[in-house]
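*Asks:* Take a look at the following structure, please.
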Amino acid sequence: MVIVDGVCKTFREGLRGRKVQALQGVSVSVHQGEVFGFLGLNGAGKSTTIKVLLNLIRPDVGKATILGRDVRDPSVRNRVGFLPENPYFYDYLTGEELLWFGGRASGVAKKVLKKRIPLLMEQVGLTDAGKRHLRTYSKGMVQRAGLALAIVHDPDVVILDEPMSGLDPLGRKMVGDMILSLRGEGKTVFFSSHILNDIERFCDRIGIIAKGRLRLTGKLSELVSSEDTLERLFLRSVSAEDGGQIS
Ligand SMILES: Nc1ncnc2c1ncn2[C@@H]1O[C@H](COP(=O)(O)OP(=O)(O)OP(=O)(O)O)[C@@H](O)[C@H]1O
């Protein structure tokens, strides 16, 4: 369904072109209908992996497929929804216009959008703000509008980069409920986070990445036993020797 296969990516940084090995042979697979939590510290390689999945950057080695198709295949695009880590939209659009133009750009029929936009705005708690310009929205409101935009075209796969960051408890609950309702509809959700609580509440399977290498992947229920907590597992994984995978 969502597959990252042996991906390596090196960036060059600064005037001297210092090499940064952001991904060093990362392989992840996410099955249809599951919520997969991609966990890692700052700079671990989460966003770079997501950018590879969205075909925003090309890997040096390896490949990525979604729904059985190479992510470079343009037909994949409309089947995927994406919420970036720091969404930024044109300030002078209203929330409803954002969804309208986003939906139209993804080929959604006008009559479908007329019904769908109010439902989405309600789900993300923005009904009363729908006719206001985005420049008047708070950070959390922009984040929630971004989530509605990510799913306006009813995608099969939803990729969320740190969807809870900057949200208050109510906003986090809304986003959490949305993730669960997407799972209920059989959608595949891939989301990155370093908030262990969110991962524990919403994910079926997790992957832990550290320094550009996947350290651990598996079902949350099998990985976290009564003697172990996700926090301990996470800390062990990220402090494992470079290249070492823990079981
Ligand atoms: N365009 C770029 N040029 C140079 N280095 C980059 C670039 N993008 C990412 N990196 C580096 O690659 C590594 C992985 O970055 P990435 O953004 O994937 O981490 P992350 O896990 O998403 O972190 P965070 O939780 O802070 O968002 C970091 O060392 C980062 O500095």
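The values are calculated or read from the model by the stated rules, or taken from the named source; none is laboratory data. Predicted model only: the values in this text are computed from it and were never measured. Here the Cβ positions follow ideal geometry from the backbone for every residue, glycine too, while neighbour counts run over all protein chains shown. SASA here: full protein model, heavy atoms, side chains in, ligands and nucleic acids out. Shrake-Rupley method; radii C 1.70, N 1.55, O 1.52, S 1.80 Å.
*Asks:* Residues of segment 2-240: accessible area per residue at 1.4 Å, in Å²? Don't skip to the answer; put the middle values down first.
*Replies:* Values: 11710 Å² over 239 residues.
Averaged over the residues of segment 2-240, the accessible area is 49 Å².
*Asks:* Can you check what the Kirkwood hydrodynamic radius comes to for segment 63-171, Cα pairs only, in Å to one decimal? The partial results should precede the final answer.
*Replies:* On the way: mean 1/r = 0.0696 Å⁻¹.
Its Kirkwood hydrodynamic radius stands at 14.4 Å.
*Asks:* Hey, another quick one. Could you work out how far the C-alpha centroid of segment 111-136 sits from that of segment 143-159, in angstrom?
*Replies:* 13 Å
*Asks:* More than 16 Å apart: what percent of Cα pairs in segment 1-67 qualify? Intermediate values should be presented prior to the final figure.
*Replies:* On the way: 1045 of 2211 pairs.
Result: 47 percent of Cα pairs exceed 16 Å.
*Asks:* Which lysines, if any, have their Cα less than 18 Å from the Cα of K114, not counting same-chain residues under 8 positions apart?
*Replies:* K131
*Asks:* Take every DSSP beta bridge whose two residues both sit in segment 2-240, then give the antiparallel share in percent to the nearest 5.
*Replies:* Numbers: 24 of 42 bridges.
Once the DSSP bridges in segment 2-240 are tallied, antiparallel ones form about 55 percent.
*Asks:* Can you list the lysines whose alpha carbon sits under 23 Å from that of K211, skipping same-chain ones fewer than 8 residues off?
*Replies:* Within the straight-line cut-off, K211 pairs with K9, K19, K46, K51, K63, K219.
*Asks:* Just the number, please: carbon plus sulfur as a percent of the accessible area of segment 2-240, 1.4 Å probe, no ligands or DNA/RNA counted. Present the calculation step by step, with values, prior to reporting the outcome.
*Replies:* Values: 5970 of 11710 Å².
After summing per-atom areas, the C and S share lands at 51 percent.
*Asks:* Okay, next question. Can you give the Kirkwood hydrodynamic radius for segment 1-133, in Å, rounded to one decimal and based on Cα pairs?
*Replies:* Details: mean 1/r = 0.0578 Å⁻¹.
Its Kirkwood hydrodynamic radius stands at 17.3 Å.
*Asks:* Which value, to two decimals, describes the C-alpha radius of gyration of segment 98-148 once divided by 2.2 N^0.38 Å? Each step should come with its number before you reach the end.
*Replies:* Numbers: Rg = 10.7 Å, N = 51, 2.2 N^0.38 = 9.8 Å.
So segment 98-148 has a normalised radius of gyration of 1.09.
*Asks:* Can you put E162, E185, E85 in order of accessible area, largest first, using a 1.4 Å probe?
*Replies:* E185, E85, E162
*Asks:* When N counts the residues of segment 2-240, how does its alpha-carbon radius of gyration compare numerically with 2.2 N^0.38 Å, as a ratio? Write down the numbers at each step before the final one.
*Replies:* On the way: Rg = 18.0 Å, N = 239, 2.2 N^0.38 = 17.6 Å.
It is 1.02.
*Asks:* At a 1.4 Å probe radius, which order do S193, S47, S138 fall into by accessible area, largest first?
*Replies:* On the way: S193 5, S47 30, S138 60 Å².
I get S138, S47, S193, largest accessible area first.
*Asks:* Testing the spin-label approximation: label points 7 Å from Cα along Cα→Cβ at N78 and D60. State their distance in nm.
*Replies:* Going from the N78 label point to the D60 one covers 3.7 nm.
*Asks:* Given R₀ = 35 Å, FRET efficiency for S225-S27 by Cβ-Cβ distance, to 0.05? Intermediate values should be presented prior to the final figure.
*Replies:* On the way: r = 25 Å, r/R0 = 0.71.
Rounded to the nearest 0.05, the efficiency is 0.90.
*Asks:* For R16 and L119, FRET efficiency with R0 = 45 Å and r from the beta-carbon atoms, rounded to 0.05?
*Replies:* On the way: r = 52 Å, r/R0 = 1.16.
Computed FRET efficiency for L119 and R16: 0.30.
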